[in-house]
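Before any comments, here is the structure.
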Ligand code: GLP
């Protein structure tokens, strides 16, 4: 694991954007795992700028998002499909048919999960997976207690997560109770992981994920077992980390 610490959210976003852009330039048909939430928006803005400047192209890139709410159709204003369309897809040259997000209103959710796993496999697996982290250490929608061995599946959202995400909805009651998410095994299957976190709100989860026990109680801790994981933080999110990377437990660059 490699930890990169940047001054603030903007510098973190720029650094992460450059890392992934470089991967796309070297492999234009990259299979890219994407995330929602506020954290990656700055990185997405940088990619949009690069595409508009002619420095980057997503035409041959295939994308798979981590998750979607159960019960929200793709065109629902709060669906993750709408979020991705607004924040990224409509502003870059990605081919719509190459973008994948689970269908939250599929009549058979188990079949939808199986199909999502099949599509990822058919694409050759995920080359680079972007992740944010929840305050309780969730990644995707894998809440504390989630089995490390699962691929895409349906989860019940914790009340904390529903409350955290209610800022995107008119009322708390409107936040769905369930979601489809790639599992921790799907995430660990990615060849490279780029985890982003910013703000003091995340410093405890980040500290526990990187330096605590590897435990299902803190889903992001599984990333300690990944052979190629880059963590890009701002100083606030890194504020509880040992200054020296814990005597070389992890490579750290400031
Ligand atoms: C959500 C998403 C996660 C995201 C997390 C943090 O619930 N399912 O993929 O990483 O919350 O979100 P934010 O970046 O807004 O803090």
Among (1) within 13 Å of the ligand (Cβ to nearest atom); (2) under 20 Å from residue 20 (Cβ atoms); (3) outside any helix (DSSP H, G or I), residue 230 falls short only on (1)
Under the condition of being in a loop (DSSP other than H, G, I, E, B) and in contact with a strand residue (DSSP E or B) (Cβ under 7 Å, 6 or more places away or on another chain), which residue from the stretch 147-180 is nearest to the ligand (Cβ to nearest atom)? 157
How many residues does the stretch 10-25 hold that are surrounded by fewer than 19 Cβ atoms within 10 Å (Cβ to Cβ) and either within 16 Å of the ligand (Cβ to nearest atom) or farther than 22 Å from residue 97 by Cα (or both)? 6
Test residue 222 against the criterion of being farther than 18 Å from residue 15 by Cβ, within 16 Å of the ligand (Cβ to nearest atom) and crowded, with 16+ Cβ neighbours inside 10 Å, and give yes or no. yes
So, in the stretch 204-217, how many residues would count as being surrounded by 21 or more Cβ atoms within 10 Å (Cβ to Cβ) and within 15 Å of the ligand (Cβ to nearest atom)? 3
Which pairs have Cβ atoms under 6 Å, sit 6 or more apart or on different chains, and link a residue in the stretch 153-178 that is farther than 27 Å from residue 111 by Cβ to one that is at pLDDT below 95 and away from the ligand (no atom under 13 Å from the Cβ)? none
List, please: which pairs have Cβ atoms under 6 Å, are six or more places apart or on different chains, and start with a residue in the stretch 26-41 that is closer than 13 Å to residue 95 by Cβ and end with one that is in a loop (DSSP other than H, G, I, E, B) and within 11 Å of the ligand (Cβ to nearest atom)? none
Filter result for the condition that a residue is modelled with pLDDT of 95 or more, within 28 Å of residue 238 (Cβ to Cβ) and surrounded by 15 or more Cβ atoms within 10 Å (Cβ to Cβ), over 194, 155: 194
Here the residues within the stretch 58-88 that are surrounded by 15 or more Cβ atoms within 10 Å (Cβ to Cβ), under 13 Å from residue 32 (Cα atoms) and free of Cβ contacts under 8 Å to residues at least 40 places away in the same chain are 58, 61, 63, 65
Residue match in the stretch 127-134 (condition: touching a strand residue (DSSP E or B) at 6+ places or on another chain (Cβ under 8 Å), farther than 18 Å from residue 35 by Cβ and not in a strand (DSSP E or B)): no
Please give the number of the condition residue 115 fails out of (1) surrounded by fewer than 22 Cβ atoms within 10 Å (Cβ to Cβ); (2) in contact with a helix residue (DSSP H, G or I) (Cβ under 6 Å, 6 or more places away or on another chain). (2)
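The values are calculated or read from the model by the stated rules, or taken from the named source; none is laboratory data. Predicted model, so just to flag it, every value in this text is computed and none were measured. Note that we place each Cβ from the backbone using ideal geometry, even for glycine, and neighbour counts take in every protein chain shown.
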